[in-house]
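The values are calculated or read from the model by the stated rules, or taken from the named source; none is laboratory data. Quick caveat: nothing in here was measured; it's all calculated off a predicted structure. Quick reminder, even Gly has a Cβ in these numbers, built from the backbone with ideal geometry, and neighbours come from all protein chains shown. Ligands, DNA and RNA are stripped out before the accessible areas are found, and what is left, the full protein with its side chains, is counted by its heavy atoms. Shrake-Rupley method; radii C 1.70, N 1.55, O 1.52, S 1.80 Å.
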Amino acid sequence: MWLCRVDANPWPCGEAKLALELWPEALRRREPVWFRRWADIEREAIALRWFELAWIPGLLQTEAYARATLAGEALTEEEVDQLTKARLGRQSVLHRARPPLLVAVIDEAVLRRPVRGRPELMREQCAHLAECAELPTVQVHVVPADTGMYAGLGGPFIVADLDDGTRVTHVDGQVRAQIIDQRQDIATLEQRWARIVGEALPRAQSLDLIRKVATS
């Protein structure tokens with residue numbers, strides 16, 4: 001096992017960058033090992049349906065917001081840097097030549113949950129979310145606060161459609177996420193997705209709400 005760290009070595013920047021590029025991909029990747037399979041799926045997907053109950057979806061986060069989501073974890077500053085860079089790096093899929101269609105549904109509470117002592121952070125994040133929602137391949141929908149109890153309260157999940165017709169899902173958890181490819185489980189999540197979308201505001205109304213929260 002290699003234990004060297006490029007970010008802590010004494011080489012000039014150019015040499016360090018060259019050394020990093022020569023490493024095998026597995027050693028250059030910043031994602032947690034358990035997450036890499038999903039990161040690969042995400043890069044290959046032609047469509048992503050993403051429901052979030054507590055956070056802005058990772059592909060739509062600002063750097064400051066991404067760091068804030070990690071603040072309560074028992075992580076070193078270096079680990080926070082690596083995880084943040086990995087999350088931001090994944091966002092490149094939205095700007096490639098043929099980006100996937102991303103349909104994100106979030107609970108309104110996500111928009112209104114403040115970061116203690118940093119109100120400007122959520123204003124910046126909501127403004128960024130509104131910008132992302134205007135991309136032709138991104139749709140963001142909000143489940144309004146007055147909806148009451150609905151199917152999404154069971155937790156967040158993502159459904160990925162691949163070019164070969166394969167469909168895979170990602171279900172998050174307190175310790176780590178689970179990738180599910182069993183047809184019956186996928187069918188269950190698709191039914192849940194349909195019920196959640198049925199409770200969400202249309203695209204234009206959702207965007208108006210996001211912009212309103214960004215300026216509040």
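One table, with the values for the structure above:
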read-out	value
Where the stretch 47-118 is the region considered: accessible area per residue in Å², 1.4 Å probe	49 Å²
With Cα atoms, 0 to 90° folded angle of helix 77-90 axis to the chain main axis	60 degrees
The chain: angle of helix 119-133 to the longest principal axis, Cα-based, in degrees nearest 10	80 degrees
Sequence of Thr147, Thr84 when ordered by accessible area, the most exposed leading, probe 1.4 angstrom	Thr147, Thr84
10 Å Cβ shell holding at most 14 others, DSSP loop, GluC sites (Glu not before Pro): longest site-free stretch of the chain	135-216
Cβ crowding within 10 Å averaged over residues, with 161-167, 96-102 ranked highest first	96-102, 161-167
Extended-chain gain in nm, criterion 0.36 nm per residue less alpha-carbon gap, Thr188 and Gln174	2.9 nm
Accessible area (Å², per residue) of the stretch 139-216, counting only protein heavy atoms and a probe of 1.4 Å	59 Å²
Between 0 and 90°, nearest 10: helix 183-199 axis offset from the chain longest Cα axis	60 degrees
Carbon and sulfur %, accessible surface of the chain computed with the full protein complex present, 1.4 Å	53 percent
